[in-house]
Amino acid sequence: MKNFFQAIGIISLLCFSFIYTEKTVMVVKEFDDIMVQIKETNDTYRVPATDAVIDGNTIIPGISGSEINVDKSYSKMKRYGKYNEKLLEYTTTPPTVSLSSNMNKYVIQGNKEKKMVSLLFLVEANDSVSALLKVLSDKNMKATFFVDGSWVEKNNDVLIEMINQGHEIGNLGYNYSYTSSSFAWLDTKIKKVSKQNEGYCYSETDNVETLSICFANHNYTIRPTIITMDTPSITIKENLQAGSLIALHVRDGLETELPVILHFIESKGFTISILSKHLQE
């Protein structure tokens, strides 16, 4: 019994010593000149996150912020031997209200602060996109192609070519409808072949059924900012703004207008990007 109590006493003493030593190290660390300087500059380098904007059943994504990772920055500088701003480490701070938590809303625009736009090519059953892919490749531009289910069934090789060129694939359903029993097949195929983390549906009007089905299948529903038809160049010039999601119905002759459209967008200081990058918070 005596040995038992002695063992308990030794263990208790070791635990106390460990806790005491740990707290001592923490106190010393807090008053270290390097730590003090890091904490003094923390507010200077903090960038607050911007929440997504929700208005009824629509949403515009926010932007993540950042702040100094105090412990990582301290560890690096301690090894270096002194404070050095170039060794600061940062932590991303996500928005409180985020796009990913509100997939049951229509995404109507990207965040204007990013100064991006996205081109959404709508590929229907009998469309050919080879000429468009050539223009985009020559200009080193990436876009999002919303493809019809009937088109996918006949153009698997072209679908793979799009993906290999770095373009993103959206789901146009079957003739703009997502109620077909084949929607699940199309949704699975697009995600599996493209290996995208995000899925996208498309709607030009309010459609509760579309929104519900796409949300249930973990897809964002995109409602474009600009819809172009017969005169895409003119429509874009008249309506372009930061964050625009530009829908382009694939048709004969679009490939000749596309270089003009790309040049105009870039001349306004906007970056053309795929949806996943544009909407990333």
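The values are calculated or read from the model by the stated rules, or taken from the named source; none is laboratory data. Because the structure is predicted, anything quoted here is derived from the model rather than measured. Every residue, glycine among them, receives a Cβ derived from its backbone with ideal geometry; neighbour counts consider all protein chains shown. The protein model used for the area step is the full one, side chains on, heavy atoms only, and it has no ligands, DNA or RNA in it. Shrake-Rupley method; radii C 1.70, N 1.55, O 1.52, S 1.80 Å.
Quick notes on this one:
- Stretched out straight at 0.36 nm per residue, the stretch from residue 195 to residue 113 would grow longer than its current Cα-Cα span by 26.7 nm.
- Net charge of Cβ neighbours under 13 Å - reference residue 110; Lys, Arg +1; Asp, Glu -1: +3
- The chain: angle of helix 254-267 to the longest principal axis, Cα-based, in degrees nearest 10: 40 degrees
- Normalised by the number of residues in region 76-202, the average gap of Cα pairs under 8 Å and 6 or more apart makes the relative contact order 19 percent.
- Under 12 Å, Cβ to Cβ, from residue 87 - net charge with Lys/Arg +1 and Asp/Glu -1: +4
- Averaged per residue, the chain has 55 square angstrom of accessible surface, using a 1.4 angstrom probe with ligands and nucleic acids left out.
- Rounded percent of accessible protein surface that carbon and sulfur make up, the chain, 1.4 Å probe: 53 percent
- The H on the amide N of residue 97, modeled in the peptide plane, is under 5 Å from the matching H of 52, each at least 5 residues off or on a different chain.
- For the residue pairs 191/268; 195/237; 139/277; 105/268; 112/154; 154/195, the alpha carbons lie more than 27 Å apart in 191/268; 195/237; 105/268; 112/154.
- Taking the longest Cα principal axis of the chain as reference, the axis of helix 33-45 is set at about 30 degrees.
- Ranked by how many other beta carbons lie within 10 Å on average, peptides 202-211, 141-150 from highest: 141-150, 202-211
- Amide H to amide H distances under 5 Å link residue 116 with 243, 271, where only residues 5 or more positions off or on other chains count and H is placed in the peptide plane.
- In order along region 85-102, phi translates into HN-Hα couplings of 4, 5, 9, 5, 10, 10, 10, 6, 10, x, x, 5, 9, 10, 5, 5, 8, 9 Hz, rounded to whole numbers, per the Karplus curve 6.51 cos²θ - 1.76 cosθ + 1.60 with θ = phi - 60° and x for Gly and Pro.
- The chain: relative contact order as a whole-number percent, Cα under 8 Å and 6+ apart: 21 percent
- In order through region 53-69: 3J(HN,Hα) via Karplus (6.51 cos²θ - 1.76 cosθ + 1.60), integer Hz, x for Gly, Pro: 9, 10, 9, x, 9, 10, 8, 10, x, x, 9, 5, x, 7, 8, 5, 7
- Residues whose amide H lies under 5 Å from that of residue 199, counting only those 5 or more places away or on a different chain, are 220; hydrogens are built 1.01 Å from N in the peptide plane.
- For region 156-163, putting each phi into the Karplus relation 6.51 cos²θ - 1.76 cosθ + 1.60 with θ = phi - 60° gives couplings of 4, 5, 6, 4, 5, 4, 4, 5 Hz, in residue order, rounded to whole numbers and with x for Gly and Pro.
- Separation of alpha-carbon centers, region 60-77 and region 120-150, rounded to whole Å: 38 Å
- Other residues lying with their Cβ under 11 Å from the Cβ of residue 56 contribute a combined charge of -1, Lys and Arg counting +1, Asp and Glu -1.
- Mean Cβ neighbour count within 10 Å, used as a protection proxy, ranking 166-173, 128-135 highest first: 166-173, 128-135
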